[in-house]
1. Take V93, V55 and order them by how many other Cβ atoms sit within 10 Å, fewest up front.
2. G133's amide H: which non-local residues (gap 5+, or another chain) put their own amide H closer than 5 Å, with H modeled 1.01 Å from N in plane and none for Pro or chain starts?
3. If I stretch the segment between R95 and R122 completely, what's the gain in nm (0.36 nm per residue apart, minus their alpha carbon distance), one decimal?
4. With θ set to phi - 60° and the Karplus curve 6.51 cos²θ - 1.76 cosθ + 1.60, what are the ³J(HN,Hα) couplings of the range 168-174 in order, to the nearest whole Hz, using x for Gly and Pro?
5. From the backbone phi of the range 38-46, what are the Karplus-calculated ³J(HN,Hα) couplings (6.51 cos²θ - 1.76 cosθ + 1.60, θ = phi - 60°) in whole Hz, Gly and Pro given as x?
6. Given 0.36 nm per residue, what is the gain on full extension from K190 to E84 after removing their alpha carbon distance, in nm?
7. Determine, for D182, D200, the number of other Cβ atoms within 10 Å of each Cβ, and report the residues in order from fewest to most.
8. Give me S26, S65 ranked fewest to most by other Cβ atoms within 10 Å of their Cβ, as a rough exposure proxy.
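Laboratory data are not the source of any read-out in this text; all were calculated from the coordinates shown. All of these numbers come straight from a predicted model, not from anything done at the bench. Don't worry about glycine lacking a Cβ; one is built from the backbone with ideal geometry, like all the others, and counts go over all protein chains shown.
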Amino acid sequence: MPRATGKRAAAAGTTALPSHMMIANSIYSARRRRGLTLAQLAGATDLDKGYLSRVERGQKSPSISTLLKIAEALGVQVGQLFGETTSEEAILVIRRDEHIDMKSDEQPGMGLLQAILPASNRRRLSLFMIEPGQEVNSRAADHPGDETVYVLSGALVIDFPDRSVELREGDCVHFDGHLRHDIRQVGRAKARALVIIAQDLSTRSED
């Protein structure tokens with residue numbers, strides 16, 4: 001299939017392509033990356049090979065339902081056919097060896113306190129892994145935002161000012177982070193939990 005060359009290519013550097021041509025080029029490029037022929041794409045989508053050829057040449061504008069079929073067959077998101085791209089900042093991968101140990105002397109009973117997804121002025125969520133131990137912390141926590149605790153193993157108790165909540169493996173609790181609370185293990189088995197804290201970004205100070 002001929003691509004834009006010469007004066008057309010130069011013009012493309014300064015002028016946005018019409019949407020149907022952007023879609024045409026995206027489908028053509030994605031099909032080539034997948035190593036599919038037009039006949040194979042036609043078979044995977046139940047669309048006519050000649051029709052697909054005209055789509056790739058910008059001579060036909062496919063409907064949304066047709067684009068969904070094509071995107072599925074090509075293994076791409078339909079937005080990619082419209083030229084949408086995902087920025088590097090949009091997806092954050094944190095490896096196991098990048099977890100941050102946050103245990104301090106002020107938490108003598110805490111077996112493990114790791115920040116998996118640390119707090120940031122650019123993120124609402126932060127994620128921690130804890131093994132609380134059996135001792136009650138003399139300085140109960142409180143913080144802005146909401147907190148969710150999900151028990152991965154063992155059993156633990158969360159002490160609030162006027163009540164205590166016991167959680168076992170698979171249990172979850174959600175509460176206002178402004179409530180003073182302390183988390184401790186119950187029983188002999190080591191307890192491990194995920195703690196998710198969600199804050200309004202406007203309440204955070206600048207780094």
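1. V93, V55
2. G111, Q185, A191
3. 7.8 nm
4. In residue order, the calculated couplings are 10, 3, x, 7, 9, 9, 10 Hz.
5. 4, 5, 5, 5, 4, x, 6, 10, 6
6. 33.5 nm
7. Lowest to highest Cβ neighbour count: D200, D182.
8. Ordered by Cβ neighbours within 10 Å, fewest first: S65, S26.
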